[in-house]
Amino acid sequence: MKICFLSGFIEIVGQEEIEIDFTGGKVSQLLEALCDRLGNRFRERLMSAEADSTRNPLVKILVNGEDIRQEDPVLKGEETLFIFLPIAGG
């Protein structure tokens, strides 16, 4: 599975994309595996400051180009994910 990182995550991960062996399961399971692999700085950016361990609502996750919002869809392990913080400007 290909995971692509954009704004807010590249500097933590140190690269724009990684490949991860993920045989399928929910997005939350994949994100937990990424947190274990990429460390506390990644987890702190990805997760909400609340104690319930939900995703930070500012973080966008796209699965094959579709914004999953706060949903937790099942993945097959063949998808491409983008994880980023939106950039606002004016």
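Can you say whether ILE20 is among the aliphatic types (A, V, I, L, M), loosely packed, with under 11 Cβ neighbours inside 10 Å and modelled with pLDDT under 95, as far as the supplied structure shows? Considered against the rule, which asks whether it is among the aliphatic types (A, V, I, L, M), loosely packed, with under 11 Cβ neighbours inside 10 Å and modelled with pLDDT under 95, ILE20 comes out as no.
Just one of the listed residues (GLN29, GLN70) is more than 21 Å from GLY14 (Cα to Cα) and not in a helix (DSSP H, G or I), and it is GLN70. When LEU30 is tested against (1) in contact with a helix residue (DSSP H, G or I) (Cβ under 8 Å, 6 or more places away or on another chain); (2) buried (at least 17 other Cβ atoms within 10 Å of the Cβ), just one condition goes unmet, and that condition is (1). Beta carbons closer than 8 Å, at least 6 apart along the sequence or on distinct chains, pair a first residue in segment 58-83 that is under 18 Å from ARG43 (Cα atoms) with a second that is aromatic (Phe, Trp, Tyr) and at pLDDT 95 or above for VAL59/PHE84; LYS60/PHE82; LYS60/PHE84; ILE61/PHE82; LEU62/PHE82; PHE82/PHE5; ILE83/PHE5; ILE83/PHE9.
Residues in segment 54-71 include none that are of a type outside the set (Val, Ile, Thr) and in contact with a Gly (Cβ under 7 Å, 6 or more places away or on another chain). Of the residues contained in segment 31-52, none is found to be basic (Lys, Arg) and touching a strand residue (DSSP E or B) at 6+ places or on another chain (Cβ under 7 Å).
The set of residues in segment 1-16 that are charged (D, E, K, R), within 19 Å of ILE87 (Cα to Cα) and outside any helix (DSSP H, G or I) contains only GLU16. Scanning segment 32-57 for residues that are without any contact (Cβ under 8 Å) to a residue 12 or more places away in the chain and either assigned to a helix (DSSP H, G or I) or of a type in the set (Asp, Glu) (or both) gives GLU32, ASP36, ASN40, ARG43, GLU44, GLU50, ASP52.
The values are calculated or read from the model by the stated rules, or taken from the named source; none is laboratory data. Worth saying up front: this structure is predicted, and the values here are computed from it rather than measured. With ideal geometry, Cβ positions are generated from the backbone for all residues, glycine too; neighbour counts draw on all protein chains shown.
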